[in-house]
Each structure stands twice: as structure tokens, then as C-alpha cells.
Amino acid sequence: MFDFNNAAVRKGTGSLKWDLRPDVLPMWVADMDFKTAPCIIEAIEKRVQQGAFGYHILTNDWYEAYRNWWRSRHHWEIDAKWLIFATGIVPAITCLVQRLSNVGDKVLVMTPVYDIFFHSIENFGRHVLESKLTYSSGRYSINWDDMERCMADPLTTLMILCNPHNPAGILWTKDELSQIGILAKRYGVTVISDEIHCDITRPGSEYVPFASVSDTCASLSVTCISPSKAFNIAGINTAAVVVPNRDLREIVKRGLNSCEYAEPNAFAVAATVAAFNSGGQWLDELRTYVYDNINLAERFIHDRLKDMIAVNGGATYLLWLDCSAWTEDTTALAADLCKKDKLWLTAGSQYRGNGARFLRMNLACPESTVREGLKKLYDGMRRQ
């Protein structure tokens, strides 16, 4: 049994989450408060003891760790030659947007969605094309007519898929992913699938890798995966890009190397191998703990904040809080909670779509922190 009730002490360590505003309770950025799995700490300590931190290669263990994890956990057989190292999923997506589309092209996203996608698109002269998810009473669904309209636009050359979906935690079904692949092939759209949240799912639920759904999905996709979110090692900068299509893979490989995002640091390989080879039990216990937190929060909100809807579609450690009974733009609400209640949540407008009605709350923390955050949320909403 692993102890998730005692968090790592992060204040004063240069933590983005805890040291930007040390006077507030930070439940905003998607960063866990738990120490990573002991097997990862041991692997890094062993690497430190070796003492030399020069350039590193990808060992066979790295390839096999990814392959075995996705085979056993996610029922996807990955060929070793499909795997390309990347220093992170965000750098990879930013590079891929530049390599797989042209200035002036449109890049399709389903909103509300992770805001960094917009930066990766707009900072390089491309245009965001939103297909807004349909929302009703705490559930999102794809508007297929709008999706096809967007795909059919001659300037739409690329789609960034969030699978599972951040911020709403949606686990897309095999049929939904298959239909995206069919439309993408029909209209000549390449799909980048960001699957960083795939290993944090409600116990008993599983995500479906986009490229595993069909030969069509595999042939037109680039999948971005990493242990960083599930094992809380984002600062180690380790990820992989999976490209089954040979011709597409050569473009991606050249792009990542040209952007200098394809060279592993001294700890990236050791941490990844330890996570996927030895971290399974830790992760399973973590998922149970996180979803106990989510269940606690959902009950609290149902009982105490009856006009608020807590959305989590079965993945991620995030709650997407529908505050439309109070406001249609939570920007001021988030600022008020931060200033007066010392609770830092993310205002949903940055995720576009209907996100302005929502707040995003991170529950990857000890239960005591969840209870403290919920009390602050209750006090703040009562004051509105």
C-alpha cells in the first residue's frame, strides 16, 4: 500500500504550482502533489550515483517499456520503429503543427479544450477552427454535422485530438474515434492525438488509443504519449511520439530533430523505464485514491452547492465545474475566489467553446487538501 495522504513539500522549491502564489491554495495547473512512484525515485537516485550526466541514447529498454505498457494496459501493439523520443508533448505538438501544416491553414480542435493547443496553432500563423462540443446537463458529445463541416473546409489540414479530453475528462469511445478517422481520411486531414492523460482513468474504465481503432486511424495519425502526467514527472521532460505510417513518420522524425526536441536528458530514459516496468501497482492505487477524491467532491457539490454541476467523464484528475447558475463568465469569479478565499482555480474561458461558464479544479492531492479546497469553494460561492 502506498501513502497518498502525505504530499511532497513543494513550497520553496521553485514549484510552478506552489510558489507563484504561496499565499493561496493552488488547485489549478494539472500537476499532482504526490511524490512520484518509489521505483522512479530509486531509478533516478541510481542514475545520480553514476555521476556523469552527458549525452544519452535511447536504450532497447526504453522502447520495450513503452511497447509492453501499451500492449498490456491499452491493448495496442506498437512496433518499436514507430516510436520517436520527444522532450515533451507540448513541444512535440508545437513542432508538428509547423511541420504538418502551412501558414494560413486551419487546425481543427474540439472545444472547450486544453488551451496550449491554441498557442501551438496561433503563434505560428495557423488558425484555430473550433468544432464546439454539444453540452447538456453535465455531458458533452460531438456535433458530427459541425465536425464534418470543419473537416471539409479546404484549408483544414490538421486536427489536434485530446484523448482523453481535457478539461472535461471525456473517454472517447471506439466508435467515436473511428468516425473521426473516417472523416479525416475523407477530407485529407492528419490527426495529432494528445494522449497524455490516458493512464488516469476511473478504476474499471479504459481509454482507447486513437491509432489502435483501425488501419485508417493508424495511417493518418501521430500519437503523443508520456509517463509524465500519470507519474508526476513532467519536470523530467520525457515523452514519445508514435507514427505507424512510414512516410508520415519520416516527416515527423525530421521535424522533431530539426526543432532539437528529440534528444533525451540524463534522467528521461531511466524514469520512463522505471515507470512503465515497475510502476503499475502504484498507479492503480493512485487512480483509486484520485477517484475517491473526485467522488467526495461530487457528493459535496451535489449536497452543498446544488446549482453547480461537477463534470468528469471518467478520465484525468480534474473536475470541470459548471457555474452557469452564477455567471456566464467565470473570469471574475475565479479572481474573487483567489483574492478573498485564497483558492486558485482555473477560469474556463481560456479553453474556449462554452468554457467561460466553468472553473477547472485539480483533485490530485491529499484528501485533506480536497476538503480544504471544497470548503473554500463553498464559502466563496455562498458569497456570490
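The values are calculated or read from the model by the stated rules, or taken from the named source; none is laboratory data. Quick caveat: nothing in here was measured; it's all calculated off a predicted structure. Every residue, glycine as well, gets a Cβ built from its backbone with ideal geometry; the counts of neighbours run over all protein chains shown. We work out accessible area using only protein heavy atoms, side chains counted, and drop any ligands, DNA or RNA first. Shrake-Rupley method; radii C 1.70, N 1.55, O 1.52, S 1.80 Å.
Before moving on, here are some points about what is shown:
- Remark: spin-label model distance residue 367-residue 59 equals 3.9 nm, labels positioned 7 Å along the Cα→Cβ axis.
- Per DSSP, loop trypsin sites (Lys or Arg not before Pro) in the stretch 259-306 with at most 13 further Cβ within 10 Å: 306
- Sequence-distant residues sharing a close amide H with residue 190 (under 5 Å, placed H): 158, 159
- Square roots of 5 times each gyration tensor eigenvalue, C-alpha, the stretch 310-370, largest first, Å: 18, 16, 9
- Per-pair calculated FRET efficiency, R0 = 51 Å: residue 152 and residue 41 via Cβ, rounded to 0.05: 0.55
- Exposure of residue 269 as accessible area (Å², to 10), given a probe of 1.4 Å and all protein chains: 10 Å²
- Antiparallel DSSP beta bridges within the chain, percent to nearest 5: 55 percent
- Take the Kirkwood radius over Cα pairs of the stretch 258-384, plug it into Stokes-Einstein at 4 °C and 1.567 mPa s, and you get 79 µm²/s for translational diffusion.
- Pairs from the table (106/185; 132/339; 81/185; 174/375; 11/376; 11/339) lying more than 27 angstrom apart at Cα are 132/339; 174/375.
- Taking all protein chains as they are arranged and a probe of 1.4 Å, the heavy atoms of residue 79 leave approximately 50 Å² accessible to solvent.
- Against the compact-protein benchmark of 2.2 N^0.38 Å, the Cα-based radius of gyration of the chain scales to 0.97.
- Rounded to the nearest 500, the helix-only mean residue ellipticity at 222 nm of the chain stands at -12500 deg cm²/dmol, with each DSSP H run of n ≥ 4 adding -39,500 (n - 2.57).
- Segment residue 281-residue 215, length gained on full extension (0.36 nm per residue, minus Cα span): 20.6 nm
- Accessible area per residue for the stretch 83-227 is 34 Å², calculated with a 1.4 Å probe on protein heavy atoms, without ligands, DNA or RNA.
- Of interest is the spacing of the C-alpha centroids, which for the stretch 2-59 and the stretch 117-133 amounts to 31 Å.
- For the chain, hydrophobic long helices are taken as DSSP H runs at least 30 Å long by C-alpha position along their axis with mean Kyte-Doolittle hydropathy of 1.0 or more; none is present.
- Sites residue 296 and residue 72, calculated FRET efficiency, Cβ-Cβ separation with R0 30 Å, nearest 0.05: 0.50
- Only protein atoms count toward the accessible area here, which uses a 1.4 Å probe; on the chain, the carbon and sulfur part of that area reaches 49 percent.
- Cα centroid separation, the stretch 191-264 to the stretch 310-327 (Å): 26 Å
- Gain upon complete extension [residue 379, residue 119; 0.36 nm per residue less C-alpha separation]: 90.2 nm
- Most fluctuating residue given options 149, 352, 126, as computed from a GNM of the chain linking Cα atoms under 10 Å: 149
- Among 68, 163, 312, residue whose mean-square fluctuation peaks in a GNM of the chain (springs only between Cα atoms under 10 Å): 68
- Sequence-separation-based contact order of the chain, relative, with Cα cut under 8 Å and 6+ spacing, percent: 24 percent
- Given charges at Cβ of Lys, Arg, Asp, Glu: the stretch 306-346 dipole, positive-most of 311, 326, 346: 346
- Within the stretch 1-84, the GluC sites (Glu not before Pro) that combine a DSSP coil assignment with at most 10 other C-beta atoms in a 10 angstrom radius are 77.
- Anisotropy class of the stretch 249-323 from Cα gyration tensor, a/c 1.5 cut: oblate
- Considering only alpha-carbon pairs that sit under 8 angstrom and 6 or more positions apart, the relative contact order computed for the stretch 77-188 is 25 percent.
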